[in-house]
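Colleague: This is the structure I want to talk about, given as structure tokens.
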Amino acid sequence: MKPLVIITGVGPGTGSAMVRRFHEGGYQVAMLARTVERLTDLEDELPNAFAVPCDVADPAALAVALDGIEQRAGAPKVVIHNAVGGAFGNFLDIDPDVLQQNFQVNVMALLHLARWAAPRIEAAGGGALLVTGNTSAYRGKAPFAGFAPSKAAQRILTESIAREMGPRSVHVSFMMVDAVIDVPWARARFADKPDDFFIQPSDIAEEVWHVTHQPRSAWSFLTEVRPFGESW
């Protein structure tokens, strides 16, 4: 049986690129997103990828989805938490419920996902759990008050999981994408920027593949990716 990767937050950018990269690498791919329409084209294109419509912020729905994946494809070898809840606004303007919802997607969904997946990965002989993050996990700019706290908490939770599971053959890592990802809405927002300004989803996916397949003697926890012209 082909190894299984579970990817949450499969959208038109990084999520789809990761699906294609792991499918190309010989994996079965369980694709999680809130609406199945987003996944239909990928499911039609890639014979070993299958759609799992699920709102990861709903713990009960996530549990049902994960158990269904296991019944269909077995235990995962790799799990990638790419789903993200985001919002812009300073702390005076944002609706507190928005920040709470972002914690549900970015932090609590990761906790539930890891609690389900990590023991199964360990029991199957090892594998990887990777979380995609961004610069907000390391700094709190004023307009990111509804978002950055949840990404910072996500990074710390990922590190706690890594310290627990690393010695148990589960490679846990956090990938910080310090860039504007090349998707249509970003191109429209930054219409004056050259191609080199953007990071390509396929290049992120290639680095995710690399990190989740690192040799055991040289595991990375934090990986930072950015275009060559991005200032530090």
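The values are calculated or read from the model by the stated rules, or taken from the named source; none is laboratory data. This one's a predicted model, so the numbers in the text were calculated from it and none came from an experiment. No Cβ is skipped: glycine too gets one built from the backbone with ideal geometry, and neighbour counts run over all protein chains shown. Heads up: the accessible areas ignore ligands, DNA and RNA and are worked out on the full protein's heavy atoms, side chains in. Shrake-Rupley method; radii C 1.70, N 1.55, O 1.52, S 1.80 Å.
Colleague: What residues have an amide H closer than 5 Å to that of Ile181, excluding those fewer than 5 places away on the same chain, when H is modeled at 1.01 Å from N in the peptide plane?
Modeller: Here Ile199 satisfy the definition.
Colleague: Just Gln100, Gln71, Gln214 to compare: in a GNM of the chain, with alpha carbon springs under 10 Å, which one fluctuates most?
Modeller: Its mean-square fluctuation being the largest, the pick is Gln71.
Colleague: Same structure again: Top mean-square fluctuation among Pro12, Pro53, Pro194, Gaussian network model of the chain, C-alpha springs under 10 Å?
Modeller: Greatest mean-square fluctuation among the candidates belongs to Pro194.
Colleague: Here is a follow-up. With a sphere of radius 11 Å drawn around the Cβ of Pro227, what net charge do the other residues whose Cβ falls strictly inside it have (Lys, Arg +1; Asp, Glu -1)? Could you put the intermediate results ahead of the total?
Modeller: Values: positive: Lys193, Arg226; negative: Asp178, Asp182, Asp195, Asp196, Asp203, Glu230.
In short, -4.
Colleague: For region 1-144, what's the relative contact order in percent, using C-alpha pairs closer than 8 Å and at least 6 residues apart?
Modeller: Working: 220 pairs, mean separation 34.5, N = 144.
That works out to 24 percent.
Colleague: Relative to the longest principal axis of the C-alpha atoms of the chain, give the angle of the C-alpha long axis of helix 201-212, reported between 0 and 90° and rounded to the nearest 10°.
Modeller: In the chain, helix 201-212 runs at an angle near 50 degrees to the longest axis.
Colleague: Here is a further query. For region 83-170, what % of the accessible area comes from carbon and sulfur atoms, probe 1.4 Å?
Modeller: Its accessible area is 58 percent carbon and sulfur atoms.
Colleague: Using a 7 Å offset from the Cα along the Cα-to-Cβ direction at both Ser202 and Ser160, what is the distance between the two label points in nm, to one decimal?
Modeller: Here the modelled spin labels are 3.9 nm apart.
Colleague: Also, quick follow-up: Take the alpha carbon atoms of region 9-52, find their center, do the same for region 188-210, and report the distance between the two centers in whole angstrom.
Modeller: A separation of 19 Å, based on Cα centres.
Colleague: Also, quick follow-up: Among residues other than Ala148 whose Cβ falls under 15 Å from its Cβ, what is the net charge (Lys/Arg +1, Asp/Glu -1)? Each step should come with its number before you reach the end.
Modeller: Numbers: positive: Arg139, Lys141, Lys151, Arg155; negative: Asp93, Asp178.
Result for the neighbourhood of Ala148: +2.
Colleague: If each of Asn48 and Val36 carries a label point 7 Å out from its Cα toward its Cβ, how far apart are those two points in nm?
Modeller: Between Asn48 and Val36, the label points sit 2.4 nm apart.
Colleague: Could you please report the charge total around Gln101, scoring K, R as +1 and D, E as -1 over all other residues with beta-carbon less than 13 angstrom from its beta-carbon?
Modeller: Details: positive: Arg34; negative: Asp55, Asp58, Asp95, Asp97.
Once all neighbours under 13 Å are counted, the net charge is -3.
Colleague: Per residue, how much accessible area does the chain have with a 1.4 Å probe, in Å²? Don't skip to the end; give the middle numbers.
Modeller: Values: 11220 Å² over 232 residues.
Here the residues of the chain average 48 Å² of exposed surface.
Colleague: If you don't mind, there's one more thing I want to ask. Across region 97-110, in residue order, what do the Karplus-derived ³J(HN,Hα) couplings come to in whole Hz, using 6.51 cos²θ - 1.76 cosθ + 1.60 with θ = phi - 60° and x for Gly and Pro?
Modeller: 5, 5, 4, 4, 5, 5, 5, 5, 6, 7, 10, 5, 5, 4
Colleague: Please arrange Ser160, Ser16, Ser217 by accessible surface area, largest first, computed with a 1.4 Å probe and ligands excluded.
Modeller: Numbers: Ser160 65, Ser16 10, Ser217 120 Å².
Result, largest first: Ser217, Ser160, Ser16.
Colleague: A further question on this structure: Given a 1.4 Å probe and heavy atoms of the protein chains only, how would you sort Glu45, Glu230, Glu37, largest accessible area at the top? Before the final figure, lay out the partial values.
Modeller: Details: Glu45 95, Glu230 55, Glu37 135 Å².
These residues rank, largest area first, as Glu37, Glu45, Glu230.
Colleague: Counting only pairs 8 or more residues apart or on different chains, how many lysine pairs in the chain have their Cα atoms under 29 Å apart?
Modeller: Working: Lys2/Lys77; Lys77/Lys151; Lys141/Lys151; Lys141/Lys193; Lys151/Lys193.
So the count works out to 5.
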